[in-house]
Amino acid sequence: MDELKRFGISIPGDLLSRFDELIERRGYSNRSEALRDLMREDLGRERVHSNQPVVGVISLVYDHHTRELTEKLTSLQHDHTESIISTMHVHLSHHDCLEVIVMRGRARQIEELADRMAAIKGVKFGRCVLAGMG
Ligand code: NI
């Protein structure tokens with residue numbers, strides 16, 4: 001880990017109280033760790049905004065009986081073999097499947113693919129989570 005630095009910040013008492021309540025609910029043991037996570041999250045968003053290299057996880061839940069859905073999903077994935085690291089498929093019930101696709105690439109490319117998959121008829125849930133690398 002990088003060397004830890006200390007700094008002081010001025011903050012209105014009310015805001016600090018609300019922040020303390022929030023981090024207690026989330027189970028943080030101290031403010032420093034909560035602030036570090038907030039900073040990382042914001043820096044991560046900036047990374048996506050500037051289209052930097054990221055890792056992405058696309059999660060989909062869909063009814064595999066929907067006509068042509070699985071063919072469309074498979075075909076889209078075969079168009080992105082250079083950035084898809086792994087795909088996991090779970091048969092949730094008689095109808096529903098969960099697919100988790102792990103990718104590495106430019107933020108916008110991954111988001112665009114996630115949007116295209118989520119828009120396919122029969123997809124009930126589609127989420128894309130991106131994380132910065134390094
Ligand atoms: Ni399945």
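The values are calculated or read from the model by the stated rules, or taken from the named source; none is laboratory data. Every value quoted in this text rests on a predicted model; they were computed, and no experiment measured them. Reconstructed Cβ throughout: ideal geometry from the backbone, glycine too, with neighbour counts over all protein chains shown. Ligands, DNA and RNA are excluded from the accessible area calculation, which covers all protein heavy atoms including side chains. Shrake-Rupley method; radii C 1.70, N 1.55, O 1.52, S 1.80 Å.
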Looking at (1) among the acidic types (Asp, Glu); (2) farther than 28 Å from residue 7 by Cβ; (3) without any contact (Cβ under 8 Å) to a residue 40 or more places away in the chain, which is the only condition residue 63 fails?
-> (3)
Report the residue count in segment 51-102 for those that are among the polar types (S, T, N, Q), more than 16 Å from the chain's Cα centre (by Cα) and surrounded by fewer than 15 Cβ atoms within 10 Å (Cβ to Cβ).
-> 4
Confirm whether residue 26 is touching a residue at least 12 places away in the same chain (Cβ under 8 Å), open to solvent by 60 Å² or more (accessible area, probe 1.4 Å), more than 16 Å from residue 128 (Cα to Cα) and touching a helix residue (DSSP H, G or I) at 6+ places or on another chain (Cβ under 8 Å).
-> no
Within segment 67-105, residues of a type in the set (A, V, I, L, M) and more than 9 Å from the ligand (Cβ to nearest atom) come out as 69, 73, 76, 84, 85, 88, 100, 101, 102, 103
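Among the residues of segment 110-119, is any under 18 Å from residue 130 (Cα atoms), open to solvent by 50 Å² or more (accessible area, probe 1.4 Å) and not acidic (Asp, Glu)?
For segment 110-119, residues under 18 Å from residue 130 (Cα atoms), open to solvent by 50 Å² or more (accessible area, probe 1.4 Å) and not acidic (Asp, Glu): present.
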